[in-house]
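Quick notes on the structure that follows.
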Amino acid sequence: MTTQTALLTRDDLPASFADVDALDEFMSRPTPETVRDLAAIEGDIIILGVAGKMGMNLARLIKRAAPDKRVVGVARFSDEGSQEWLEGHGVEAIKADLLDRDAVEGLPRLPNVIYMAGLKFDFRGREDFLWAMNTLVPSYVADTFRDSRIVALSTIHVYPWSDPRHGGVTEDVPPLARPGEYANSVVGRERTFQYFSGKHGTPGRIVRFVYAIDMRYGVLQEIATWVRDGTPIPLATGNVNIQWQGDALNHFARLLRHCDTPATAINIGGPECVSVRRVAVELGRIMGVEPVFEGEESDHVLFVNCDAAAELLGNPVVTVDTMLRWVADWVMQGKPLYGKPSKFQVRTGIF
C-alpha cells in the first residue's frame with residue numbers, strides 16, 4: 001500500500017521556511033511529472049555519490065515519487081548521521097568507495113543509475129585525486145552498469161564564456177578545455193561516459209547543470225549575505241544561470257525516462273538570464289539595505305541556453321522572485337549555512 005506524498009506545484013509554495021527540516025521536506029517534493037515519469041520506467045534506481053548537498057534530497061524525492069521502487073544510495077558516508085538519515089526516509093544506504101573497482105562491481109546492478117560523484121573544490125596538492133574521481137570512477141561505473149540507463153551530472157564549466165546578450169551557449173557547442181584543472185577533468189568525465197555509452201549501447205544523459213539555489217548555499221545566498229553585511233558585490237560576472245534545487249532534482253530524476261543512445265548532453269537550468277545587479281537591488285529592497293557594488297559587468301560570462309530542457313521537461317516551478325524572498329528571509333534570520341561558496345564570481349577557472 002502506497003501513501004500519498006506532498007507534491008511540488010505552483011499552488012503550494014510556502015512564504016518561508018521555519019527550519020532546516022522544513023526546507024529539506026520541501027526540497028524533496030516530487031512534481032506530478034516526476035511521479036508519472038518514474039512510473040513509466042521499469043526497475044529500481046541507484047544513486048552513486050548520494051551523500052553530497054543535492055544527493056540526499058534527490059534520494060528522498062525519488063522514494064517519495066516512486067515508493068514501490070527500491071531506491072539505493074551509495075557513498076562513503078563520511079558525515080555522521082547521513083546514512084541513518086537516508087534509511088529513515090526509506091532509502092537503502094550502501095557504504096562504498098567508488099574508487100575501488102571491486103566495490104563498484106559489487107553494487108546491485110539496478111537498471112537506473114544517477115551518477116553524482118565528483119570533485120570540484122579543495123583539490124590543491126592532490127590534482128591526481130581530482131582526475132581519478134572525475135575520470136577513473138566514471139569508467140568503472142559506465143563499464144559496470146553497461147546494461148542500465150545512466151544519468152550523469154556534469155557542469156556548465158565545460159563551456160566557453162560568451163556574451164549573455166546572444167542567448168547563451170547551447171548543447172551544440174562541444175565541451176572544451178578551459179583554464180583550471182577542474183573543467184578539464186569534467187570534460188574527461190563526460191567523454192568517458194560517452195565512450196562507454198557508445199561501446200555498450202548504454203542509454204544516458206550528460207547533465208550540464210547550472211548553479212543550484214538552496215537557502216544554505218548558492219549564488220543568491222552569497223549575494224544576500226554580501227548585501228546584509230555591506231560587502232561590495234563584484235559585477236564582472238554580471239549574469240548567471242540559476243535554478244531552484246528542488247526543480248533541478250526533479251529534472252534529474254525525470255531524465256531517466258529521457259535517455260539517448262549514445263548518451264547526449266543537456267543543459268538543465270532556469271530560462272532567465274539573471275542579472276547579479278538586479279538580484280542585489282531586489283534583495284536590498286526586501287532586507288532594507290542599500291547594496292554596494294564594485295566593478296562593471298563584462299560582456300563575457302559563463303552563461304548557457306536551457307531551451308532544450310524547457311522543451312523536454314518544462315520550466316521550473318519556483319521563480320527567481322520567489323527564491324529571492326525565501327533567501328532574504330533565511331539570511332536575515334541567521335539560519336544555518338553550509339559555508340561552501342559557489343565561487344560564481346571567479347573568472348580564472350581555478351576554484
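Readers should treat all values here as calculations from the given coordinates under stated rules, not as data from a laboratory. Quantities reported herein were computed from a predicted structural model and do not represent experimental measurements. No Cβ is skipped: glycine too gets one built from the backbone with ideal geometry, and neighbour counts run over all protein chains shown.
Could you list Leu283, Leu119 in order of exposure, starting from the residue whose Cβ has the fewest other Cβ atoms within 10 Å?
Fewest to most other Cβ atoms nearby, the residues stand as Leu119, Leu283.
Rounded to the nearest 5, what is the percent of antiparallel bridges among the DSSP beta bridges in the chain?
Expressed as a percentage, antiparallel bridges in the chain total about 15.
Starting with the fewest neighbours, write out Arg257, Arg205 ranked by other beta-carbon atoms found within 10 Å of each beta-carbon.
Arg257, Arg205
Could you please state, rounded to a whole Å, how far the C-alpha centre of the stretch 263-304 is from the C-alpha centre of the stretch 66-141?
32
Just to be sure I understand: of the beta bridges DSSP finds with both ends in the stretch 121-265, what percent are antiparallel, rounded to 5?
Here the share of antiparallel DSSP bridges comes out near 20 percent.
Answer with a single label: of (i) 42; (ii) 22; (iii) 31, which was calculated as percent of Cα pairs over 34 Å apart from the structure in view?
Answer label, from the structure shown: (ii).
Most exposed first by the Cβ proxy, i.e. fewest other Cβ within 10 Å, how do Glu290, Glu272, Glu42 rank?
Glu42, Glu290, Glu272
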